[in-house]
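The values are calculated or read from the model by the stated rules, or taken from the named source; none is laboratory data. Owing to the predicted nature of the structure, the values given are computational and were not obtained by experimental measurement. Positions of Cβ are backbone-derived with ideal geometry, glycine not excepted, and every protein chain shown enters the neighbour counts. Note: areas computed on protein heavy atoms with side chains; ligands, DNA, RNA excluded. Shrake-Rupley method; radii C 1.70, N 1.55, O 1.52, S 1.80 Å.
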Amino acid sequence: MTPLTHSRKTGIQVLAALAVALSAVAHAQPALAQTPEPTTTVSVSLPTAPLLVQLNQVALERRGPKQAIVEYAGDATGGSYTVLRDGEPVMSGELRPLLPFTEWSPGKRYFGVDFSSVEQAGRYQVDVRIGQAHATSAPVPVRDNAVFATTGAQLLGYFQRSRHTDDADRDLPIFKTSRRVNAWGGWQDAGGDKGKYLSHLGYANFFNPQQASMAVWVLAYGAHARKALFAAHGLQAQVEEEAFWGADYLHRILDAEGYFYTTIFDQWGTPGAERMVTGYEGAAGTYNTAYRSAFRAGGGMAIAALARASMLARQTGRHGEFDGATYLADAQRAYEHLRQFNPQYCADGKENIIDDYTALMALVELHNATSQSRYLDDARLRAASLMARQQADGGFISDGGSRPFFHAAEAGLPVISLSAYVDIEPEPARRQRALAAIDSALAHELAITGAVANPYGYARQRFQLTTNGKAAGEVREGFFIPHRNETGYWWQGESARLASLSAAMVIGGRKLAEHGTAGYGLRGNRAGYAQNQLDWTLGRNPYGISMLYGFGEKNPPTVLESAGEMFVGGISNGITGAVGSDTGAGITFAPGPDSEQWRWVEQWIPHTTWMLFAVMAMSEDED
């Protein structure tokens, strides 16, 4: 999310930091990817080999979907495969042709290899022959609770490595005021950005991502609700500590009036820019007074996070600098303030779908923490407002008109919020309405994703382009976020979006009580969809790159100029539509120039946040 070129640490400093991080984790992950050498000039192109076998490079579930995608540029129409476990063949057969697909690589044929039926733990590869061509996939471990067991410690470690501890933040000015406040702590937002954000892009109204407050909620929820899972892997103390670190930061940035500060910003480290509490707008990072967080600008998830942190403190008897009673009082005070003033903090003065689903999460967690009926009453209103935005085919609209809901970081959060609401709703009729909305939303995701040839199963989305700064005209469908959108500049890879959709499919599907056997308690199409989105980020994509740094056979390059430091456990933004495509059609990854490489290479806190949440959702508690 870094549109400007910044001053950076030297390559020697970055290498030193990486060496420390890698040495600390080498014993925990024997298959860590080699660390790319920092560089100042890099361009990544689609591989040109005539035969490629793309497979998740990090981990696959023993009793879950397991599929390789084969790309072939040649004249043969079929071939064979062999699945190897620990170097020995365990399955073989003829390649399964997939539908013709030309958008990304004209002239290629695609095949699938499904080895989901093989359920013995081990280290797997897929070996393929087509005509005279021969290729073998990267290896992947297969085990129970696969991705969590393999990566959980380093996903957590990413937050610790991203902590912001500069004492200058203990005394920061607020833009256009004479006030100074303590905004110490929290996490830097991205590899090349030491700013701290509950959200950004508020001026565009429909693009607000949940950033630091979402991270706090996921950590607190994991430590509290999934305690057995973290404890089984020796991670309970670590996740509790990180959750309280984040909750303490949220307490500090809660103003006495009852609103949270949206950003601590210095124009992405621009020399001469003063670091302060401020709002900002556009690619130039122009300061403005929109620093009061609406529900959609991180305020809703901050309330949810503090309420959940209060439950964690009560459960464990532990807390951070501030105690559980303080966290809960903060959450309640902030909710009452936003209940009254939220529209005033929205750039256009009107609430939209993001306000609905983030406020709903806040209310669910306040009800969980207090059992007060007033929060259930308000949650019913928010859930009704959210469901009223759903169209007949299950897709959502963003506003009171016809703008489709599409989001590059949290497309699954409406379903997750409704699923959380179902858990607190005692009235059968209201529960059933929410469950029907979840079912319809998941059906829409499956339908739009499967409506065209789609060899990798990448989650597609519905969108409009902007005209004169507003979405208008034809409603379109595509793979990647459109480049011509209301922000005026912001488009990037969608690793967070994909993980949010995996989580939504798993959590929502389980709420529907389908009790499927294809993996994660789901039936085949839902389990496959959830797996496909994680597989893309973890290496089963046309570039064969695992976006999760430190894991897999190949990671994104380090580009100091615009993407900054790379931390083990961090996840790069990822693959996008082609540069120059208004609609986001085509495909590209890190083509340069280097000042633009943040769009693909830079690590961003929502990506690891959503990956951690998704793999928590996909894992079973271990006794």
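So which strands (runs of 3 or more DSSP E) stay within the stretch 111-193 end to end and still have 2 or more residues that are modelled with pLDDT of 95 or more and of a type in the set (D, E, K, R)?
122-130
Which pairs turn up if I take residues in the stretch 188-217 that are farther than 21 Å from H251 by Cβ and look for partners that are part of a strand (DSSP E or B) and at pLDDT 95 or above with beta carbon separation below 7 Å, at least 6 apart in sequence or on another chain?
Qualifying pairs under 7 Å: A190/Q603; A190/W604; G191/Q603; H200/T263; G202/G279; Y203/E281.
State the number of residues belonging to the stretch 43-86 that are closer than 30 Å to A149 by Cβ and small (G, A, S).
Summing the residues that are closer than 30 Å to A149 by Cβ and small (G, A, S) in the stretch 43-86 gives 3.
Looking only at the stretch 235-244, which residues are of a type outside the set (S, T, N, Q) and either within 24 Å of T150 (Cβ to Cβ) or surrounded by fewer than 19 Cβ atoms within 10 Å (Cβ to Cβ) (or both)?
Across the stretch 235-244, the qualifying residues are L235, A237, V239, E240, E241, E242, A243.
Looking at M618, M611, which one is touching a residue at least 12 places away in the same chain (Cβ under 8 Å), open to solvent by 10 Å² or more (accessible area, probe 1.4 Å) and within 19 Å of the chain's Cα centre (by Cα)?
Step by step, each of M618, M611 is checked, and only M618 is touching a residue at least 12 places away in the same chain (Cβ under 8 Å), open to solvent by 10 Å² or more (accessible area, probe 1.4 Å) and within 19 Å of the chain's Cα centre (by Cα).
Among what's in the stretch 512-547 and is small (G, A, S) and in contact with a Phe, Trp or Tyr (Cβ under 7 Å, 6 or more places away or on another chain), pick the residue that is farthest from G493 (Cα to Cα).
Looking at residues that are small (G, A, S) and in contact with a Phe, Trp or Tyr (Cβ under 7 Å, 6 or more places away or on another chain), I get A527.
Tell me which residues, restricted to the stretch 379-401, are surrounded by fewer than 19 Cβ atoms within 10 Å (Cβ to Cβ) and assigned to a helix (DSSP H, G or I).
If the condition is that a residue be surrounded by fewer than 19 Cβ atoms within 10 Å (Cβ to Cβ) and assigned to a helix (DSSP H, G or I), then R380, L381, A384, S385, A388 are the ones that fit.
Limited to the stretch 421-435, what total is found for residues that are in a helix (DSSP H, G or I) and under 15 Å from Y375 (Cα atoms)?
The total comes to 4.
Only residues that are free of Cβ contacts under 8 Å to residues at least 40 places away in the same chain and open to solvent by less than 40 Å² (accessible area, probe 1.4 Å): list them for the stretch 69-108, please.
Passing the criteria: G93, L95, K108.
List, please: which pairs have Cβ atoms under 7 Å, are six or more places apart or on different chains, and start with a residue in the stretch 430-449 that is free of Cβ contacts under 8 Å to residues at least 40 places away in the same chain and end with one that is charged (D, E, K, R)?
R431/E425
Determine if the stretch 197-212 includes at least one residue that is in contact with a Lys or Arg (Cβ under 8 Å, 6 or more places away or on another chain), open to solvent by less than 10 Å² (accessible area, probe 1.4 Å) and outside any helix (DSSP H, G or I).
yes
Right, R333: open to solvent by 10 Å² or more (accessible area, probe 1.4 Å), over 27 Å from V422 (Cα atoms) and among the charged types (D, E, K, R) or not?
Taking the combined requirement at face value, the residue does not satisfy it.
Considering only the stretch 192-207, state which residues are of a type in the set (S, T, N, Q) and either within 13 Å of A496 (Cα to Cα) or over 17 Å from the mean Cα position of the chain (by Cα) (or both).
N205, the sole residue that qualifies.
Which is open to solvent by less than 40 Å² (accessible area, probe 1.4 Å), basic (K, R) and either at pLDDT 95 or above or closer than 27 Å to M547 by Cβ (or both), of R476, R497, R484?
Exactly one of R476, R497, R484 is open to solvent by less than 40 Å² (accessible area, probe 1.4 Å), basic (K, R) and either at pLDDT 95 or above or closer than 27 Å to M547 by Cβ (or both), namely R497.
Residue by residue, here is whether (1) over 20 Å from I354 (Cα atoms); (2) under 19 Å from the mean Cα position of the chain (by Cα) holds:
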| site | (1), (2) |
| --- | --- |
| A411 | no, yes |
| P414 | no, yes |
| D423 | yes, no |
| P428 | yes, no |
| A437 | no, no |
| A453 | yes, no |
| L465 | no, no |
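Looking at the stretch 229-283, which of the residues that are of a type in the set (F, W, Y) and in a loop (DSSP other than H, G, I, E, B) is nearest to W491 (Cα to Cα)?
Per the criteria, the residue is W268.
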